[in-house]
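Visitor: Structure in structure tokens, see below.
The values are calculated or read from the model by the stated rules, or taken from the named source; none is laboratory data. Treat the numbers as computed from the prediction; the structure is a model and nothing was measured. Please note: Cβ atoms are built from the backbone with ideal geometry, for glycine as well, and neighbour counts cover all protein chains shown.
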Amino acid sequence: MSVKIVTDSTADLPTKVAQEFGITVIPLHIHFGHETYEDGVDISKEEFYRRLTSEHQLPKTSAPSAGAFTEAYEQLAEETDEILSIHISHKLSATYNSATMGRDGVTADCRISVIDTLSTSMGLGLLAIRAAQLARNGATLDEIVADTESALLRTQFFGVLDTLEYLHKGGRIGKASSFLGSILNVKPIVGLRDGEVHPIERARGFQKALDRICEMVAGYKEISSLAVAHTTGQDDMERMASQMSQFYPGDRILLARVGATIGTYLGPGALCVGLIEG
């Protein structure tokens, strides 16, 4: 029986990709006032971004319960005796803690490893796909855990934001607070370092920011996997992916749309890149 892979909805995996690789996705929760939705389940990305940009009050997010993980693990344990569960940085969400607590509640005879990737969105998504590919090829749980722990150290996630407003109001701005108060039309480029948001640099105008991100990606000598995602700018995402096809096979670039949880903090107009070196 092959190892089963579990991740959470912040991985921003397109539904078809998750299904293709047999990855179980546990949804986080989105709260608009007293209304609660499961990310990627009962609120579409289109509806989420419409409400994000039109409603006065910003939504809130919350981690899945430990019970949600226990239930998922128990169901998978009927098909396998080894599970790898890989998740968003504990510095950004309580999801990893819920997953470890959920594992402790499993009564089935099944080995379950839970990994904090210190990443999210396309960084996390690429790690989940990598793990699923290894599982499909017959790797053991220990082998996949070792590979994932090695790969997460070579995983990068960064992007350009139209505004820091959503990161700031959502309480996830981290070290990028140094960019607050930037002058008009300067676009912040931020990334994850040690599991939290860090500033990278500022670019004057969106196109220069996009060009700079492409330069950054081109600077990595070896890239084993690459993904590009957007919140509300599909044309911009496709244009950036086209530029990157000059130095990375275009048909291997994963294109995705950022889901509701991460979109709550990136806001509209954001473009981001995830990659694994080597």
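Visitor: Out of all the residues in the stretch 1-23, which are modelled with pLDDT of 95 or more, surrounded by fewer than 23 Cβ atoms within 10 Å (Cβ to Cβ) and not hydroxyl-bearing (Ser, Thr, Tyr)?
Guide: Listed by number, the residues that qualify are Pro14, Lys16, Val17, Ala18, Gln19, Glu20, Phe21, Gly22, Ile23.
Visitor: Among the numbered conditions (1) small (Gly, Ala, Ser); (2) within 21 Å of Gly22 (Cβ to Cβ); (3) without any contact (Cβ under 8 Å) to a residue 12 or more places away in the chain, tell me where Gly171 comes up short.
Guide: Of (1) small (Gly, Ala, Ser); (2) within 21 Å of Gly22 (Cβ to Cβ); (3) without any contact (Cβ under 8 Å) to a residue 12 or more places away in the chain, only one is false for Gly171: (2).
Visitor: Right, here's the next one. Taking the criterion of being buried (at least 21 other Cβ atoms within 10 Å of the Cβ), at pLDDT 95 or above and within 17 Å of the chain's Cα centre (by Cα), would at least one residue in the stretch 195-215 satisfy it?
Guide: Within the stretch 195-215, not a single residue is buried (at least 21 other Cβ atoms within 10 Å of the Cβ), at pLDDT 95 or above and within 17 Å of the chain's Cα centre (by Cα).
Visitor: Please tell me if Leu124 is in contact (Cβ under 8 Å) with a residue 40 or more places away in the chain and at negative phi. Working first, answer last.
Guide: Values: in contact (Cβ under 8 Å) with a residue 40 or more places away in the chain: yes; at negative phi: yes.
Criteria met by Leu124.
Visitor: Still on this structure, I have one more. Counting only residues that are in contact (Cβ under 8 Å) with a residue 60 or more places away in the chain and more than 16 Å from Arg257 (Cβ to Cβ), how many does the stretch 6-25 have?
Guide: 6
Visitor: Give the residue that is surrounded by the most Cβ atoms within 10 Å (Cβ to Cβ), with candidates limited to residues of the stretch 24-51 that are aromatic (Phe, Trp, Tyr) and closer than 18 Å to Tyr166 by Cα. Walk me through how you get there before you give the answer.
Guide: Here is the first cut: in the stretch 24-51, the ones aromatic (Phe, Trp, Tyr) are 32, 37, 48-49.
Still in the running and closer than 18 Å to Tyr166 by Cα: 32, 48-49.
Details: Phe32: 17, Phe48: 23, Tyr49: 18.
The residue in question is Phe48.
Visitor: Further question on the same structure: Given His34, His56, His87, His29, which one is in contact with a helix residue (DSSP H, G or I) (Cβ under 6 Å, 6 or more places away or on another chain), on the phi < 0 side of the Ramachandran plot and not hydroxyl-bearing (Ser, Thr, Tyr)? Give the steps one after another, and end with the answer.
Guide: Details: His34 fails: in contact with a helix residue (DSSP H, G or I) (Cβ under 6 Å, 6 or more places away or on another chain); His56 fails: in contact with a helix residue (DSSP H, G or I) (Cβ under 6 Å, 6 or more places away or on another chain); His29 fails: in contact with a helix residue (DSSP H, G or I) (Cβ under 6 Å, 6 or more places away or on another chain).
Only one candidate passes the filter, namely His87.
Visitor: If you don't mind, there's one more thing I want to ask. Select, from Leu52, Leu13, the only residue that is of a type in the set (A, V, I, L, M) and part of a loop (DSSP other than H, G, I, E, B).
Guide: On the way: Leu52 fails: part of a loop (DSSP other than H, G, I, E, B).
Just a single option satisfies the conditions, and that option is Leu13.
Visitor: Considering only helices (runs of 4 or more DSSP H) fully contained in the stretch 92-174, which possess at least 1 residues that are crowded, with 18+ Cβ neighbours inside 10 Å, basic (Lys, Arg) and not assigned by TED's automatic domain parsing to the domain that holds Asp236? Don't jump to the end; show me each part of the working.
Guide: On the way: elements: 95-104, 121-136, 141-152, 165-169.
It comes to 95-104, 121-136.
Visitor: Kindly indicate whether Gly33 is in contact (Cβ under 8 Å) with a residue 40 or more places away in the chain and not assigned by TED's automatic domain parsing to the domain that holds Gly267.
Guide: On the way: in contact (Cβ under 8 Å) with a residue 40 or more places away in the chain: no; not assigned by TED's automatic domain parsing to the domain that holds Gly267: yes.
Taking the combined requirement at face value, the residue does not satisfy it.
Visitor: Moving on to the next point. Which of the residues that make up the stretch 242-278 are out of contact with any Cys (no Cβ under 8 Å at 6 or more places or on another chain) and more than 28 Å from Thr95 (Cβ to Cβ)?
Guide: Of all residues in the stretch 242-278, those out of contact with any Cys (no Cβ under 8 Å at 6 or more places or on another chain) come to 242, 245-257, 259-265, 267-278.
Matches in the stretch 242-278: Ser242, Ser245, Gln246, Phe247, Tyr248, Pro249, Gly250, Asp251, Arg252.
Visitor: Pick from Leu254, Leu226, Leu271: which is under 14 Å from the mean Cα position of the chain (by Cα), within 21 Å of Lys169 (Cβ to Cβ) and in contact (Cβ under 8 Å) with a residue 12 or more places away in the chain? Quick ask: steps written out before the conclusion?
Guide: Details: Leu254 fails: within 21 Å of Lys169 (Cβ to Cβ); Leu226 fails: within 21 Å of Lys169 (Cβ to Cβ).
None of the other options fit; the residue is Leu271.
Visitor: Would you call Ser62 in the same structural domain as Ile112 (by TED's automatic domain parsing), at pLDDT 95 or above, touching a Pro at 6+ places or on another chain (Cβ under 6 Å) and not charged (D, E, K, R)? Break it down into steps so the answer makes sense when it comes.
Guide: On the way: in the same structural domain as Ile112 (by TED's automatic domain parsing): yes; at pLDDT 95 or above: yes; touching a Pro at 6+ places or on another chain (Cβ under 6 Å): no; not charged (D, E, K, R): yes.
Answer is no for this residue.
Visitor: Pick from the stretch 70-91 the residues that are among the polar types (S, T, N, Q) and within 19 Å of Glu143 (Cα to Cα): which of them is surrounded by the most Cβ atoms within 10 Å (Cβ to Cβ)?
Guide: Here is the first cut: in the stretch 70-91, the ones among the polar types (S, T, N, Q) are 70, 75, 80, 85, 89.
With within 19 Å of Glu143 (Cα to Cα) added as a condition, the list becomes 80, 85.
On the way: Thr80: 16, Ser85: 27.
Filtering first and then ranking leaves Ser85.
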